[in-house]
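Read the structure below first, then the notes.
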Amino acid sequence: MIERPASWLAEAAGARLAAGDPAEPGPRRALLDSRRAAPGDLFVGLPGENVDGGEFAAVALEQGAWGALVGPAHAGIASERPLLVAEDPLAALQRLARAWRRELGCKVIGITGSTGKTSTKDILAGLLEPHLRIHANRENLNTEIGLPLSVLEAGPGTEALVLEMAMRGEGQIAELAAIAEPDVGVIVNVGPVHLELLGTVERVAAAKAELIRDLAPGTSCVVPASEPLLEAHLRHDLDTWTFGPGGQVMLLSFEDGQAEIEARGVRHTLRLGFAEPYNLLNTLAAVAAARAAGVDPEGALDVRFSSMRGQVVDLPGGVTVVNDCYNANPMSMRAALEHLADSPAERRIAVLGTMAELGADAPRYHREIGELADRLGIDLLVTVGEQALGYGEGFAGDAHSVASPEEAGALLEELALPGDRVLVKGSRSVGLERVLA
């Protein structure tokens with residue numbers, strides 16, 4: 001709950017309190033969906049391309065919402081509940097979130113990267129939970145809209161905010177950093193993503209590095225030790241932690257679920273419930289961030305990974321499916337295929353949808369992933385959708401092409417045998433979760 005009165009919320013948001021009691025105790029959270037509005041909720045009506053969310057404010061208030069934040073066109077709504085009116089409701093929401101972050105006075109860790117940022121967020125949350133009262137983004141609340149909503153979900157007494165920061169273009173990480181004002185900024189990696197907008201990996205690195213640029217002097221940043229594209233963006237007035245081979249935070253050994261990690265000369269022993277090489281690397285980034293935030297992680301790590309990020313599903317009939325269909329790019333696709341190839345199974349099957357937003361080089365990236373799957377000895381490849389046909393061009397083995405996730409699911413029912421392990425992966429726009437429906 002935001003333990004401040006309505007008058008404080010209006011001032012913090014740069015809004016006018018057009019209705020309601022200025023002394024009304026604050027809401028528990030903010031949301032955008034009027035259908036879910038309930039007592040304690042601040043409904044935020046954002047204008048969109050086709051619909052102005054403010055049109056649903058009256059409905060949200062009728063359903064018992066604490067109040068509403070809307071644009072000037074809806075200032076005349078008859079309400080006994082707090083009605084906050086701002087010229088730009090999104091900017092007002094962001095200002096309100098920044099003000100609440102400052103009121104909390106807690107540590108804030110911001111995490112971005114081309115791949116693995118959600119898993120790193122989940123791992124870091126698990127590392128911090130035994131030591132601090134934390135709040136982390138739920139699922140994909142990581143954009144210029146989702147991140148402020150997430151901050152406003154944090155309750156009084158929160159000691160650390162763990163915030164994933166998403167981007168598709170230049171200036172977006174800077175926008176999120178201005179809201180969150182991180183004490184620790186983490187860049188998990190840099191790779192070929194969002195190339196339709198950014199064009200080159202160098203520009204991707206520069207867009208991610210807005211997080212480093214906008215950190216306050218004396219705060220901390222965490223970066224991979226082996227990433228030359230970030231070197232030009234590092235700052236001497238920050239406490240910089242490097243992780244991975246050759247870095248300050250390294251994996252000394254991993255056996256039977258026990259990881260021995262050294263971080264700036266201090267040894268940490270963690271018992272992990274996962275073994276994927278990419279998540280071990282993400283764990284190093286998370287340990288570096290935890291140390292930068294003043295926490296010494298140790299012992300069993302309980303991680304609740306976000307949905308559709310490498311979830312292992314055992315199906316009837318002895319088939320194991322790895323549901324990793326939330327997103328895909330060349331880096332994450334490579335890591336997932338390498339892990340599939342290393343996993344024990346009778347046969348290894350890859351169901352792959354397109355990797356979106358790769359620009360003019362998309363055909364080459366898809367063909368190269370098909371070639372990788374072939375070199376790794378993947379037994380069966382199923383491509384989903386027209387743009388995914390490029391995988392098959394590089395794959396010399398048994399390959400099938402289907403038009404939709406539903407067709408892929410039906411094909412798997414025919415082809416998958418007991419003992420098979422199936423990777424399902426593609427960009428979110430493909431909707432590959434429907435393969436398992």
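The values are calculated or read from the model by the stated rules, or taken from the named source; none is laboratory data. Values in this document were obtained by computation on a predicted structure and should not be read as measured data. We place every Cβ from the backbone using ideal geometry, glycine too, and count neighbours over all the protein chains shown.
Quick look at the numbers
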read-out	value
Helices (runs of 4 or more DSSP H) enclosed by region 338-422 - at least 2 residues per element that are touching a Gly at 6+ places or on another chain (Cβ under 8 Å)	362-375, 389-393
Unique residue being closer than 20 Å to Ala288 by Cα and either crowded, with 23+ Cβ neighbours inside 10 Å or in contact with a Lys or Arg (Cβ under 6 Å, 6 or more places away or on another chain) (or both) when the list is Ile187, Ile173, Ile179	Ile187
Scan of region 10-21 for residues that are touching a residue at least 24 places away in the same chain (Cβ under 8 Å) and either more than 30 Å from the chain's Cα centre (by Cα) or buried (at least 19 other Cβ atoms within 10 Å of the Cβ) (or both), ordered by number	Ala10, Ala12, Ala13, Ala15, Arg16, Leu17, Ala18, Ala19, Gly20, Asp21
Elements of type helices (runs of 4 or more DSSP H) contained in region 101-192, each with 2 or more residues being hydroxyl-bearing (Ser, Thr, Tyr) and modelled with pLDDT under 95	117-128
The listed residue being surrounded by 24 or more Cβ atoms within 10 Å (Cβ to Cβ), outside the structural domain of Ala209 (by TED's automatic domain parsing) and in contact (Cβ under 8 Å) with a residue 40 or more places away in the chain, out of Leu96, Leu163	Leu96
Among residues of region 316-341, those that are of a type in the set (D, E, K, R) and either touching a Cys at 6+ places or on another chain (Cβ under 6 Å) or free of Cβ contacts under 8 Å to residues at least 60 places away in the same chain (or both), counted	1
Hits in region 311-337 (condition: polar (S, T, N, Q) and part of a loop (DSSP other than H, G, I, E, B))	Asn327, Asn329
Subset tally (residues that are within 22 Å of Arg434 (Cβ to Cβ), in contact with a Lys or Arg (Cβ under 8 Å, 6 or more places away or on another chain) and surrounded by fewer than 22 Cβ atoms within 10 Å (Cβ to Cβ)) for region 357-389	2
Selected residue (criterion: nearest to the chain's Cα centre (by Cα)) from residues of region 106-143 that are surrounded by fewer than 22 Cβ atoms within 10 Å (Cβ to Cβ) and under 22 Å from Val204 (Cβ atoms)	Asn140
